[in-house]
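The values are calculated or read from the model by the stated rules, or taken from the named source; none is laboratory data. Computed from a prediction, not measured in an experiment: that's the story for all the values here. A quick note on method: Cβ atoms are made from the backbone with ideal geometry, for glycine too, and the neighbour counts reach across all protein chains shown. Heads up: the accessible areas ignore ligands, DNA and RNA and are worked out on the full protein's heavy atoms, side chains in. Shrake-Rupley method; radii C 1.70, N 1.55, O 1.52, S 1.80 Å.
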Amino acid sequence: MEQSQIEFRNVSFRYQENMPWVLKNVSFTIDADEWVAIIGHNGSGKSTIAKLMNGLLFPEEGEILVNGKKVEPETVWGVRKQVGMVFQNPDNQFVGTTVRDDVAFGMENHGMPRELMIERIQQSLEAVKMSEYERHEPHRLSGGQKQRVAIASVLAVSPKYIILDEATAMLDPKGRKEIMRTIREVQEQRNLSLITITHDLKEVTQASRVLVMNQGEVWMEGTPRDVFSKKDQLIEIGLDTPFVSKLADHLRTASMHLSREPLNHQELLEELW
Ligand code: ADP
């Protein structure tokens with residue numbers, strides 16, 4: 001049976017031979033249907049992990065397996081069909097003159113038949129609530145709408161995993177909240193695995209698991225509850241924010257969250273966001 005997971009096995013990476021290691025012996029697994037948040041200070045290696053998962057870079061040591069297949073130059077197109085990626089700045093991702101063209105572009109790269117493309121364009125724009133903008137110019141949309149189109153373009157290829165690398169960083173708080181809601185809905189409808197890389201620790205509460213990176217290593221791993229309960233350790237690596245303090249205090253007192261479930265309880269989020 002085909003394995004449904006992304007696996008990093010003792011991965012080490014540096015951008016050039018004479019440069020320091022950016023990732024050091026990193027191992028973790030992301031299973032089907034999981035929502036994993038990757039956090040860590042600037043330069044801790046988060047984006048490098050994302051690029052390695054998607055075959056934009058390749059490890060110098062160790063290996064990465066996507067659904068049991070090693071990520072290497074020969075397998076990279078198959079990997080990208082499974083692992084979609086949404087970046088911080090949607091403007092850098094647009095290639096078409098209309099929203100529709102743009103969503104079609106990724107599918108064209110994968111050589112999908114035209115009939116299927118038409119169906120997928122409609123389905124994916126519907127999923128992100130952008131159907132009525134099909135013939136609009138992407139550059140004229142708002143930041144949040146642009147990010148919805150970028151997500152639709154990735155969904156259209158029907159990946160099993162979607163990486164969002166700081167995908168909400170350019171949005172205002174309202175825009176962020178809306179995008180996160182859409183992402184949650186899409187994940188539930190399509191049984192996707194999500195990997196979110198974010199500086200916004202509020203977003204992390206929605207994940208089922210958190211990887212904390214520090215200086216190129218996986219420094220801590222656990223449910224949002226596990227991670228946010230260790231406030232003092234997060235402060236040690238520069239991840240303290242008023243939100244972390246608030247959440248840690250909340251976790252200490254709230255009896256309703258004593259289980260190991262993810263923190264995606266609506267009431268808790270409404271209270272803390
Ligand atoms: P993060 O996403 O956690 O901010 P990155 O993965 O972007 O971290 O970067 C990890 C380290 O790799 C940093 O020290 C960064 O300066 C370095 N780095 C990132 N991209 C490149 C590159 N293209 N060439 C050389 N060094 C890079």
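Some notes on this structure:
- Residue in the stretch 36-82 that is nearest to Glu17 (Cα to Cα), counting only those that are within 12 Å of the ligand (Cβ to nearest atom) and of a type in the set (Val, Ile, Thr): Thr48
- Close contacts from the stretch 21-35, counting a first residue that is within 16 Å of the ligand (Cβ to nearest atom) and a second that is open to solvent by 40 Å² or more (accessible area, probe 1.4 Å) and in a strand (DSSP E or B), with Cβ to Cβ under 7 Å and a gap of 6+ residues or different chains, come to Lys24/Glu217; Asn25/Asn10; Val26/Glu217; Val26/Val218; Phe28/Val218; Phe28/Glu221.
- Within the stretch 43-64, residues that are farther than 18 Å from Ser4 by Cα have Cβ atoms under 9 Å from residues that are assigned to a helix (DSSP H, G or I) and near the ligand (Cβ under 9 Å from one of its atoms) in these pairs: Leu56/Ala50; Leu57/Thr48; Leu57/Lys51, counting only partners at least 6 apart in sequence or on another chain.
- Test: Asp226 is farther than 26 Å from Val128 by Cα, assigned to a helix (DSSP H, G or I) and open to solvent by 60 Å² or more (accessible area, probe 1.4 Å): no
- Just one of the listed residues (Val95, Val86) is among the β-branched types (Val, Ile, Thr) and away from the ligand (no atom under 16 Å from the Cβ), and it is Val95.
- Qualifying residue in the stretch 48-65 (condition: open to solvent by less than 30 Å² (accessible area, probe 1.4 Å), within 20 Å of Asn25 (Cα to Cα) and polar (S, T, N, Q)): yes
- Looking across the stretch 1-20 at every residue that is touching a residue at least 60 places away in the same chain (Cβ under 8 Å) and of a type outside the set (A, V, I, L, M, F, W, C), the one that is surrounded by the fewest Cβ atoms within 10 Å (Cβ to Cβ) is identified as Glu2.
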